[in-house]
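The values are calculated or read from the model by the stated rules, or taken from the named source; none is laboratory data. In this text, all values refer to a predicted model and were calculated from it rather than measured experimentally. Positions of Cβ are backbone-derived with ideal geometry, glycine not excepted, and every protein chain shown enters the neighbour counts.
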Amino acid sequence: MEFIIRAATEADFPAILSLIRELAGYEKAPGKVTNSVEQMRHEQDLFRCFVAETEEKEEKEIIGMALFFTAYFTWVGKSLYLEDIYVKESFRQHRIGSALLREVFGVARAEGCKRVRWQVLNWNEPAIAFYRKCGADLDNEWINCNFDEEGIANFSV
C-alpha cells in the first residue's frame, strides 16, 4: 500500500474532523465531539497536524492523522503533546501509524523538545501494544482531570 505523510492544510480540516469523529466512535464517545471545521479554522494556530494520504492519483484519500501541539511541562520544559493519532480501520497494519509517529518525533527532535506525551485508553489493547513496541513508557499512576465548557463557565471553589 502506497501512502505519503504530509503536513495538513486548512483544506484538510473536513477530512481531519471526519477522522476525529471516527476515532470518537471507536472510543465509545461519538456524541462528545463538539469541534467543527469552522472552529478548527479559527484555532488553527493552536495545533499542528500530519495526515497520511493514499498516493493513488485519481482518488487520493486522507486515511490517518496525528494532531499535536507544543506544551510546557514544569518538570522538563518544552514538549509536544500528541492529542490524537488515528488510522482508518481498513488501512491499519500498513505501518501508517508508525510513519505518523516518526513525523511527530522528527518535529520534537528538530524543535529541541524534552518530551512527547499522549494518552491511551486503558482498554485499547492494540494501541497499548503498539506504543509498548515503540518503547513508550506507559504510566498508570495519573488520573485525568477535565472540565468541559459548561464546567468552566460554572467553576467555583
With the requirement that a residue be of a type outside the set (Phe, Trp, Tyr), closer than 20 Å to Asn124 by Cα and not in a strand (DSSP E or B), what does region 62-96 give you? Lys88, Glu89, Ser90, Arg92, Gln93, His94, Arg95, Ile96
Can you tell me which of (1) in contact with a helix residue (DSSP H, G or I) (Cβ under 6 Å, 6 or more places away or on another chain); (2) more than 22 Å from Ala129 (Cα to Cα); (3) surrounded by 14 or more Cβ atoms within 10 Å (Cβ to Cβ); (4) not aromatic (Phe, Trp, Tyr) is the one Met65 doesn't meet? (2)
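Here's the yes/no breakdown for (1) in contact with a Cys (Cβ under 9 Å, 6 or more places away or on another chain); (2) in a helix (DSSP H, G or I); (3) over 13 Å from Ala52 (Cβ atoms):
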| residue | (1), (2), (3) |
| --- | --- |
| Ser98 | yes, yes, no |
| Leu101 | yes, yes, no |
| Gly106 | no, yes, yes |
| Ile128 | no, yes, yes |
| Lys133 | no, yes, yes |
| Ile143 | no, no, yes |
Over 17 Å from Val120 (Cα atoms), loosely packed, with under 12 Cβ neighbours inside 10 Å and modelled with pLDDT of 95 or more, is that true of Leu46? yes
For the subset of region 1-17 comprising residues that are in contact (Cβ under 8 Å) with a residue 24 or more places away in the chain and part of a helix (DSSP H, G or I), which member is farthest from Ile63 (Cα to Cα)? Glu10
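For every residue, the table says whether it meets (1) surrounded by 12 or more Cβ atoms within 10 Å (Cβ to Cβ); (2) within 26 Å of Glu22 (Cα to Cα); (3) out of contact with any Phe, Trp or Tyr (no Cβ under 9 Å at 6 or more places or on another chain).
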| site | (1), (2), (3) |
| --- | --- |
| Ser90 | no, yes, yes |
| Glu103 | yes, yes, no |
| Ile128 | yes, yes, yes |
| Gly135 | no, no, yes |
| Glu141 | no, no, yes |
Among the residues of region 18-48, write down those that are in a helix (DSSP H, G or I) and more than 18 Å from Phe69 (Cα to Cα). Ser18, Arg21, Glu22, Leu23, Ala24, Gly25, Tyr26, Pro30, Gly31, Lys32, Glu38
Which members of region 68-88 meet the condition of being over 16 Å from Tyr131 (Cα atoms), among the hydroxyl-bearing types (Ser, Thr, Tyr) and surrounded by 14 or more Cβ atoms within 10 Å (Cβ to Cβ)? Thr70, Ser79
Out of Glu56, Glu103, sole residue that is modelled with pLDDT of 95 or more and either under 17 Å from Ala8 (Cα atoms) or not β-branched (Val, Ile, Thr) (or both): Glu103
